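To start, the structure under review is shown below, and the notes come after it.
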Ligand code: HEM
């Protein structure tokens, strides 16, 4: 077995937090290697990147997500007892239930609800001096997804839920106050979600077959038992919160339209093939989830190294999406590249790679793509706006990233 490069410093936690999305790829380039060893929070970790690394990482059954994320991050993301920390048959069974929510008809319905909610706000935006697009879109998505899931919210509940979900998403990659705020907000959302599950089970919230909250509340595990109330609440939150998180990609999409007026023209003209390329390029180019992490379940060898059971491995998602071996001029925003994309499930991994059911690839990827398309259509074909001077820089050391000003617009008009 060959030795792989090792970071010299005793611990890389500070470097990871300050370099953010670039941490793994910069070192891989320096070491001229797809992988290296380091210590993060004093624990030994193997960091890796690239399509071949992703193929190893997403081999079904090879890794578990249990004890793979620091607890404060896990709590704000999928949480204990969620599908993400299950393995084997139990994971497949839970994941099948989640994927059953993702039919083309259901996704279309969610997109229509988002479009309706968005259109109803255009009049309000027209009357405002200025709006912060990212926050408005979070509101739109939260109202629409709760309605879609079968748990419609009143006005004041909707803004409370939006702020809670937003704080969880924003706090997940942070250490300190941003993370603590997310935790506090998560406790409130959990109380609400447990109440929802109870009301669904007692019939206080009426049946609405096929809606996500009902499917989750009625789901039975492999032994035929209903999920306990907390687990059902966690899974409900895991559908609602990440849908609100799509607002980040929509904001990046708006930034791309602003920076590349030629793309806007093509979308405005109704070119739906190009729209598909455009949203995929938004997901490839802009930073969202920096990495995923796992612990080895089944030993294996790769690049001359033996990966022992329990070892901690961190896969660079952002670096893989920007790997020049897979992507020509990866630092350029160029939607056309997707015209000739080979569909490789390991080189384009903004939401994980491999198979959706057999592995841990994101359950909401199709929703994400569809909502991004809907939003880009609305931004280019149903409204006009001005982008006033503001700080649109994206700081790659802040996880999760967002343009500094969160994209402010004014002079909004419906078309
Ligand atoms: C906003 C954009 C999104 C991004 C960037 C994103 C990213 C990710 C990533 C990186 C993973 C982990 C993959 C792994 O562990 O290997 C994941 C898992 C997951 N995501 Fe998403 N996601 C997004 C939206 C969504 C949406 C809209 C939903 C649901 C409606 C969703 C539900 C899930 C679930 C349930 C899992 C756990 C899957 C499993 O462990 O089998 N995500 N997502």
(message) 7 Å from Cα along Cα→Cβ at both residue 87 and residue 191: what's the point-to-point distance in nm?
(response) 3.6 nm
(request) Subtract the Cα-Cα distance of residue 268 and residue 415 from 0.36 nm times their separation in residues, and report this length gain in nm to one decimal. (result) 51.8 nm
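Could you sort 104-110, 240-246 so that the peptide with the highest average Cβ count within 10 Å comes first and the rest follow in order?
Values: 104-110: 14.6, 240-246: 24.0.
Going from most to least packed, we get 240-246, 104-110.
Once you have a ≥ b ≥ c as the square roots of the Cα gyration tensor eigenvalues for the stretch 331-415, tell me rounded if a/c is under 1.5, and otherwise prolate or oblate according to whether a/b is larger than b/c. Can you show the working numbers first?
Details: a/c = 2.11, a/b = 1.64, b/c = 1.29.
Note, shape of the stretch 331-415 comes out prolate.
With r as the distance between the Cβ atoms of residue 358 and residue 126 and R0 = 56 Å, compute the FRET efficiency 1/(1 + (r/R0)^6) and round to 0.05.
It comes out at approximately 0.70.
Considering all alpha-carbon pairs of the chain, what whole percent are spaced by more than 38 angstrom?
Working: 16721 of 85905 pairs.
Value for the chain: 19 percent of Cα pairs lie more than 38 Å apart.
Could you line up 255, 35 from fewest to most neighbouring Cβ atoms inside 10 Å? The partial results should precede the final answer.
On the way: 255 20, 35 26.
So the residues, fewest neighbours to most, are 255, 35.
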(request) Within the stretch 353-379, find all residues whose amide N lies under 14 Å from a label point positioned 7 Å from the Cα of residue 276 along Cα-to-beta-carbon. (result) 369-370, 373
(request) State, in angstrom, two size descriptors of the stretch 261-380 derived from its alpha carbons: Rg to one decimal place and Dmax to the nearest whole number. (result) 16.8, 54
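For the stretch 224-268, report the convex hull volume of the alpha-carbon atoms normalised per residue, in Å³, without decimals.
Values: hull volume 3.7 nm³, N = 45.
About 83 Å³ per residue, rounded to a whole number.
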(request) Can you pull the one-decimal nm distance between simple spin-label points at residue 180 and residue 19, each 7 Å off the Cα toward Cβ? (result) 2.9 nm
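If packing is taken as the average count of other Cβ atoms within 10 Å, what order do 258-266, 222-230 fall into, highest mean first? Don't skip to the end; give the middle numbers.
Details: 258-266: 14.8, 222-230: 12.1.
Ranking the peptides 258-266, 222-230 by packing returns 258-266, 222-230.
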(request) Treat each spin label as a single point 7 Å out from the Cα along the C-beta direction, and report the residue 3 to residue 308 distance in nm. (result) 1.6 nm
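Starting with the highest mean, order 373-380, 344-351 by the number of other Cβ atoms within 10 Å, averaged over the residues of each peptide. Before the final figure, lay out each step's value.
Numbers: 373-380: 21.5, 344-351: 19.9.
Result, highest mean Cβ count within 10 Å first: 373-380, 344-351.
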(request) Using just the helices of the chain, give the 222 nm mean residue ellipticity in deg cm²/dmol: DSSP H runs with n ≥ 4 each add -39,500 (n - 2.57), and the total is spread over all residues, rounded to 500. (result) -15500 deg cm²/dmol
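We did not get these values from a lab; they are worked out from the coordinates using the rules stated. Because the structure is predicted, anything quoted here is derived from the model rather than measured. Note that we place each Cβ from the backbone using ideal geometry, even for glycine, and neighbour counts take in every protein chain shown.
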